[in-house]
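Read the structure below first, then the notes.
The values are calculated or read from the model by the stated rules, or taken from the named source; none is laboratory data. Since this is a predicted model, take the numbers as computed values, not measurements. Cβ sites come from the backbone with ideal geometry, for glycine too, and all protein chains shown count toward neighbours. The accessibility values were calculated without ligands, DNA or RNA, using every heavy atom of the protein model including side chains. Shrake-Rupley method; radii C 1.70, N 1.55, O 1.52, S 1.80 Å.
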Amino acid sequence: MSEQSFADLGLDATVLEAIIAVGYETPTPIQAEAIPALLSGHHLLGVAQTGTGKTAAFALPLLSRIDASLSEPQILVLAPTRELAIQVAEAFTTYASKFERFHVLPVYGGQDFRPQLQALKRGAQVIVGTPGRLLDHLRRGTLKLDSLKALVLDEADEMLRMGFIDDVEAILSKVPDNCQRALFSATMPPQIQKVARTYLKDATEVRIKSETRTVERIAQFVLPVYAERKLDALTRILEVEPTDGVIIFVRTKAETTLLAEKLSARGHAVAPLNGDLNQRQREQTVEDLKRGRKDIIVATDVAARGLDVERVTHVINYDVPYDTEAYIHRVGRTGRAGRSGKAILLVTPRERSWLRTLERATNSPMEPYQLPSPKDLQRLRVEQFEAQLLGFTEDGKLARSMALLDDIAERNDMDMAMLAGALACWLESAQPASLPLDTPEALPEISAEPRRGGKPPGKGGFRKGPGKAAPRNFRNGPGKGQPPAGKKKHGGKKKGAPNQPR
Ligand code: AMP
């Protein structure tokens, strides 16, 4: 992460206010380079993929340059898919939230023309759309580009792959000559290079760093998961992994607090670590992790810089890092003092291209992380419950407790089995061990990777692990680094009281 702050970059005060409200701590590397270049009016060529913060890298400076009082299209963004168009439009809405009058319009094929025409008539400063539909509007004269200040091609290589390159070039040839242009692409195939040479002369080029460094002693895993299932995935990881100290990395200060609150509500000893805490509070939080007063820290990259705590057995990348350098730093927070460590990366379908980049940067492939199936998790819970219970049969106070139960049983004319059941009910109200498996809510399937026998991942799905015919299923035997059910090592924890939320 860069040392710079957003305030140093020269953004418009209204835009800056919105970023503060969103809670971004520092610019991501691509933002630190792209924002000043775009603010100064240069064309920009950004080699970056989703997850690097590229949307804000162009949206923030371009918004800083528009005339908000003018309701005509001033920024035009071309995106390969409807989903991305909507996502980028939403990002613009967020970053322009402090503008008095602001309209962004997503336009894409498959949608009725009428509402788009009405919205275009009402006026919007930013239009985000798929190439085909944008071209239709240009040809019909329903989209006018006379006031256009900037054009962005987002995910240019995807637009090429999807066969939109002719439409893209047709649009490029229609924008005013003095219009600023930016092109973002994860890769640079020859046709995209040609577009860049023709339409983005003398562009400033920014690339995310991809230096290679070997990550030793750290087993790296990746878990494909849909964004809305990340919390479920995390909860399950924390339940089954033999953790001692854990650092969870997220993107924003707000998210450190939110996620820490959610985990705390689930019984974990957890604290947020972010740039809003003063030096003393940060030191205290790290000290709490060192001494075992806290087991989990939810941190941003900046706040966790240089953090060195030996008992950190796991680094969980809840949000993908911004560049490979950030990733290498994050996973390096485990495996300290010659110990081994484990890093688990949650990755959503849109971020899947990160995998290859990170594997290249660390010189090591990532193993697919295997979550236990609901059935296996159920068995694990029962085994843990049983182990805890049996632990008490050796307790010195057992005789006294039995006498107490005998007395209760006799007075209430009950047998001991019923009383034992009642006690189990009581214990289970804090940590259920026997959830019914017939409700999907009870133990939902989490991974975005289909299980063996499921449908193969299609477009937008996930690739399989290196050299594997299909992702291994926990049911069919545990994978490397995955403890077999009931045989967990309970690193640094009391026997019989493993990673259960406390
Ligand atoms: P993108 O690469 O544009 O798809 O952005 C990926 C995610 O990073 C989005 O959820 C953004 O909200 C988030 N993001 C972008 N810039 C920052 C930043 N400077 N700090 C924290 N999160 C960011």
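Restricting the range 24-50 to residues that are open to solvent by 10 Å² or more (accessible area, probe 1.4 Å) and within 10 Å of the ligand (Cβ to nearest atom), the residue that is nearest to Ala326 (Cα to Cα) is Pro29.
Scanning the range 13-23 for residues that are near the ligand (Cβ under 8 Å from one of its atoms) and in a helix (DSSP H, G or I) yields Ile19, Val22. Looking across Leu289, Leu358, Leu345, one residue alone is at pLDDT 85 or above, of a type outside the set (Asp, Glu), within 21 Å of the chain's Cα centre (by Cα) and part of a helix (DSSP H, G or I). It is Leu358.
Scoring Ala303 on the criteria (1) more than 14 Å from the ligand (Cβ to nearest atom); (2) surrounded by 20 or more Cβ atoms within 10 Å (Cβ to Cβ) leaves a single failure, condition (1).
Arg266 meets each of the listed conditions (1) buried (at least 20 other Cβ atoms within 10 Å of the Cβ); (2) farther than 25 Å from Thr362 by Cβ; (3) among the charged types (D, E, K, R) apart from (1).
Within the range 106-160, the only residue that satisfies the criterion of being of a type in the set (Phe, Trp, Tyr) and not in a helix (DSSP H, G or I) is Tyr108. The set of residues in the range 24-57 being modelled with pLDDT under 95 and part of a loop (DSSP other than H, G, I, E, B) consists of Tyr24, Glu25, Thr26, Pro27, Thr28, Ala48, Gln49, Thr50, Gly51, Thr52, Gly53. For the range 289-301, the criterion of being closer than 26 Å to Ala48 by Cβ and touching a residue at least 60 places away in the same chain (Cβ under 8 Å) is met by at least one residue.
Here is the figure for the range 275-288: residues that are away from the ligand (no atom under 16 Å from the Cβ) and touching a residue at least 40 places away in the same chain (Cβ under 8 Å) total 0. Among the residues that make up the range 223-230, is at least one of them open to solvent by 60 Å² or more (accessible area, probe 1.4 Å) and not in a loop (DSSP other than H, G, I, E, B)? Yes, the range 223-230 has at least one match.
Which of the residues that make up the range 305-342 are in a loop (DSSP other than H, G, I, E, B) and either under 17 Å from the mean Cα position of the chain (by Cα) or without any contact (Cβ under 8 Å) to a residue 12 or more places away in the chain (or both)? The answer is Gly306, Tyr318, Asp319, Val320, Pro321, Tyr322, Asp323.
The rows are residues; the columns are (1) open to solvent by 20 Å² or more (accessible area, probe 1.4 Å); (2) away from the ligand (no atom under 15 Å from the Cβ).
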| site | (1), (2) |
| --- | --- |
| Pro80 | no, no |
| Thr93 | yes, no |
| Gln116 | no, yes |
| Gly132 | yes, yes |
| Thr142 | yes, yes |
